[in-house]
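The block underneath contains the structure these notes are about, expressed in structure tokens.
Every number here is computed from the coordinates shown, using simple stated rules; none is lab data. Only a predicted model underlies this, so the values are computations on that prediction, with no experimental measurement involved. Every residue, glycine among them, receives a Cβ derived from its backbone with ideal geometry; neighbour counts consider all protein chains shown.
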């Protein structure tokens, strides 16, 4: 377990977490004794100062959108005293962009603007450390130049401006579920294909659909009661005697049987199927998830872990569409759907709940499990409990080789402390990637489990092995191992 020194046993934090996870009683005691370490800072001050170009303009103008300001004093790294509402808004929103704004005017020639910018970043970290765990937000450094003297400079804005996307409102969850159901339509493959084709403005080439309809003759036997009854006696039967009533011994009724044929439509495998499907024909503007699955046909004996919180509903729909179009649904039939924690969102780390597991080839059963998970979610903070869901999949489906995590690129992972307990490779499909930046947490999960990262455009397999050889570029961001730790670099 650990090292023995002077009759004391020292164990690592990951070993402590493993004990906690396996024993609820010990977990309670240890939670009383220790505090979980916070997220390591992902975006460093040096990285921001050196990597972000300075944009110069006469006076800073706010862009349209939902903004929150953290004001700072002129030439100082001091904030307003009452920031409770601002901090709450930032924590509960999705950060799209952060502008660090200052004026060019210097009180003296020895003034160092980069040093002050660094001090302001440190001050922001002291009140909002989670901001520096977001590797996808766009940072801008803005220098205002219309400031000929100190008085003019003091009239300009100094500090940080956050541009936020509010999280999807919880009140919309039932509307979202109904929208998914409406888009998917009937549960039979024939009805679904017909509905998909009718939605389109152009003909769907049959080679893009794994099934095809075939019209066959179906044999129908029509039986009509003749009004007569057979005798129970073999002698009378042989001479052709028939009765008009069943009698006390319940004679067998005679039926006239006629054979006829009708046309019927059945579903057969399309031998020319090339493994693709036109998602636009199914009413979906985005088909990234389907493309990723089609690019990785070697995936097998896996469990799919899907975030079904409100912001992910379009990707949940994509998963269902892709799955309905598969000839062999048994290849991927283990699913874990998770929300924010049912009626108690953002519960204790590793114990939040709101996780629903199912193993089935059935369209209805799997989709209904997902709808149940969606309907029981009641919102919460933006970060999600992805690791708890991965551990549930690992425990529920012990024979799997690896796990696919369909994750929200706008949501940090709130339970990264449990990552060392994940023993299966995790292949992460990152949804909602903007500016070609993948959230650091997902890169870390893939690296730590020797898994992979998958975006709509590209796959990054065997990430741990790749990082051992040197820096790895994922989208617009570069990563490398520095003293054994995954680090964001220039």
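Kirkwood analysis of region 211-269, using all unique Cα-Cα pairs, places the hydrodynamic radius at 14.5 Å.
Placing dummy labels 7 Å off each Cα toward the beta-carbon, the span from residue 258 to residue 73 is 10.1 nm. Dimensions of region 45-165 from C-alpha coordinates, computed as largest minus smallest value along each principal axis and given longest first, are 40, 27, 26 Å. Residue ranges 288-295, 226-233, 101-108 sort as 288-295, 101-108, 226-233 when ordered by packing (mean number of other C-beta atoms within 10 Å per residue, highest first).
The Cα-based radius of gyration and maximum Cα-Cα distance (Dmax) for region 351-490 are 15.7, 49 Å.
Here the peptides 444-455, 46-57, 389-400, 214-225 are ranked by packing, the mean other Cβ count within 10 Å, and the order with the highest first is 444-455, 389-400, 46-57, 214-225. The packing ranking, built from the mean of other Cβ atoms within 10 Å per residue, places the peptides 333-339, 132-138, 457-463 in the order 333-339, 132-138, 457-463, highest first. Here 298, 252, 367 are placed in order of increasing Cβ neighbour count within 10 Å, fewest first, which gives 298, 252, 367. The fewest-to-most ranking of 314, 126, 81 by surrounding Cβ atoms within 10 Å reads 81, 126, 314. Within region 362-426, the percentage of alpha carbon pairs spaced more than 13 angstrom apart rounds to 70%. Calculated FRET efficiency, residue 351 to residue 146, Cβ-Cβ distance, R0 = 56 Å: about 0.55 to the nearest 0.05. Put in order of Cβ neighbour count within 10 Å, fewest first, the listed residues 359, 250 become 250, 359.
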